[in-house]
Amino acid sequence: MAVTGGGLGRTQQTGSCVDRYPGFAAGAPLRGIPLSPGILAAPGGGYPETHAMMPPALEIESLSFSINGASILKDIRVTIGSGEKWSIIGANGAGKSTLLKCLLRIHPDWTGSVHLFGRCLDDYSQRNLARKVAYVPQPGDDQRFPFTVRQFVAMGRYAYSGMFATAHKDDDAVVTRAMQQARILEFGDRTLDTLSGGERQKVFIAAALAQQADLLLLDEPTAFLDYRHQAEVSRILGEINQHNGATIVAVTHDVNAAILTDGLVLALKQGNMAWIGPAADLTQPGRLEDIFNTSFRLIEDPVTGRRLVVPQEAGQ
């Protein structure tokens with residue numbers, strides 16, 4: 001769905017983000033953050049050449065955020081290359097969803113520096129931000145949407161035509177393609193309150209697709225869904241990344257979902273960066289125990305040979 005967060009929150013000034021935050025030293029090392037080998041390679045590695053030539057989707061430097069004096073995020077530093085797939089993991093309260101809301105300017109009062117596709121985040125108007133970033137919120141039980149599926153997906157076009165403007169022929173074509181890609185074309189005339197949770201989640205993804213944004217931020221995209229819809233949503237997101245070229249950043253509690261993306265991972269712990277690396281490296285001994293403060297048992301998929309994890313209670 002469209003980015004509709006609050007205002008900028010910080011005083012606009014001329015110059016770069018670094019100029020506005022003089023306490024930030026560009027290029028400062030990641031102090032004490034475990035990094036897997038090769039993680040500092042040039043953004044876009046392993047993706048089509050067009051991605052390698054583009055600026056990073058996100059460059060986050062020294063991002064910190066507090067509420068009423070309580071520190072929620074502390075010195076977050078990560079570069080997300082254009083076209084990459086990232087998962088953000090961590091225990092409840094680690095700051096995962098808060099980080100997304102800072103990037104969306106829903107929480108505007110963070111400190112630090114964020115560049116979006118090479119441009120300071122503060123320099124984007126709300127409409128231009130919505131042309132670059134689409135957001136899919138957590139699945140919920142709120143069914144108070146008095147819209148048909150097609151009407152709701154069409155709202156993703158507001159950044160181009162205005163929220164209540166008459167749809168153009170080109171907008172209709174974009175909406176139809178988004179619904180096709182999200183596998184919801186057959187119930188376009190139904191209202192959202194008649195849909196299951198999994199169906200409704202695909203509608204939110206279709207609305208994000210209709211924005212034609214280069215970056216998708218998703219908050220627990222498969223939470224509370226049955227196994228069939230989890231698999232279908234994961235497959236759709238993979239196609240969006242592979243065929244549309246969109247950068248995908250998804251918050252998830254599901255470590256195995258992160259592993260199965262074959263992407264990269266940012267792990268948060270109590271608002272701090274705990275680890276950055278390839279998803280496959282999450283199964284290295286002790287890694288998840290450090291992030292979640294609980295034990296895990298490794299299992300191997302007999303078909304693919306991929307290593308997955310099962311959490312264990314203390315003493316098991």
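The values are calculated or read from the model by the stated rules, or taken from the named source; none is laboratory data. On a predicted model such as this, the values are computed, not experimentally measured, just so you know. All Cβ positions, even for glycine, are placed from backbone atoms using ideal geometry, and neighbour counts span all protein chains on display.
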Filtered residues of segment 213-246 (kept if of a type in the set (Ser, Thr, Tyr) and not in a loop (DSSP other than H, G, I, E, B)): 227, 234
Qualifying positions in segment 282-316 - of a type in the set (D, E, K, R), in a loop (DSSP other than H, G, I, E, B) and either under 24 Å from the mean Cα position of the chain (by Cα) or surrounded by 10 or more Cβ atoms within 10 Å (Cβ to Cβ) (or both): 301, 306
Candidate set from segment 264-286 (those that are touching a helix residue (DSSP H, G or I) at 6+ places or on another chain (Cβ under 8 Å) and of a type in the set (A, V, I, L, M)); member that is nearest to residue 297 (Cα to Cα): 282
Filtered residues of segment 79-96 (kept if on the phi < 0 side of the Ramachandran plot and surrounded by fewer than 20 Cβ atoms within 10 Å (Cβ to Cβ)): 79, 91, 92
Within segment 117-135, tally of residues that are modelled with pLDDT of 95 or more, closer than 20 Å to residue 237 by Cβ and surrounded by 21 or more Cβ atoms within 10 Å (Cβ to Cβ): 3
Answer from 261, 252 - the residue that is in contact with a Pro (Cβ under 9 Å, 6 or more places away or on another chain) and surrounded by fewer than 22 Cβ atoms within 10 Å (Cβ to Cβ): 252
